[in-house]
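Input: a single structure, listed below in structure tokens.
The values are calculated or read from the model by the stated rules, or taken from the named source; none is laboratory data. Note that the structure is predicted; figures quoted are calculated from it, not measured. No Cβ is skipped: glycine too gets one built from the backbone with ideal geometry, and neighbour counts run over all protein chains shown. Ligands, DNA and RNA are excluded from the accessible area calculation, which covers all protein heavy atoms including side chains. Shrake-Rupley method; radii C 1.70, N 1.55, O 1.52, S 1.80 Å.
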Amino acid sequence: MDIVVKGRKTEVPERFRKHVAEKLKLEKIQKLDGKVISLDVEVSKEPNPRQADRCDRVEITLRSRGPVIRAEAAASDPYAALDLAAEKLDARLRKQHDKRFSRRGARRISAAEVPDHVPGAATLNGNGQAVHEEEPDGVPTKKIGSLEVKGEGPLIVREKTHVASPMTLDQALYEMELVGHDFYLFVDSETKEPSVVYRRHAYDYGVIHLSTDPMVAQGHSPAPGGTLGG
């Protein structure tokens, strides 16, 4: 493959043609794109004196079996314009090369390989069912969301976190009626503790207030049990 240098409304001196051959090294280009078909360099001159700093323009067109790559630049002389255009061509060639390499290197992985590539992923057996890790005591442990459940624990199907502004009980009742739910979790503006208001019968409502156990706040373990009833 040869480099074709041509001028548009301007003469191209032999010295510049040699410089093009030295600047655009075919060996390097073919290493980045082994399917190059042709490489054309077009030189043009802008006669407008107001654009003296950009009067010489060089456009490089590389055709291969893939997409056509073009790079152009303008400067005060054709040599400087060629240098700028060559840098752009090199950058675009490298980008295309890296893209092809990443696509070629990527491959689909089987379900059995997922745990090796995805941290925290469940291991599947031959029937496609999740295999849970066995604890030393023989009780299987599975991870559901951010929770680790031992044995046949509750199934958490959704986990949400909301930012709540403190409000009064009347405001909480209003918000519950507004969204049409049977309960509403809020932060009490008086106690600054989480509370739940819920619908009982007809127009009766109930409210559950939570307060921090002083023993727990001081670092003591809570007593077993402890339930809330409505």
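Points worth noting:
- Residues of the stretch 66-82 satisfying the condition of being open to solvent by 50 Å² or more (accessible area, probe 1.4 Å) and under 17 Å from K6 (Cα atoms): R70, E72, D77, Y79
- Considering the stretch 197-230, the residues that are assigned to a loop (DSSP other than H, G, I, E, B) and in contact with a Gly (Cβ under 9 Å, 6 or more places away or on another chain) include one that is modelled with the lowest pLDDT, namely G230.
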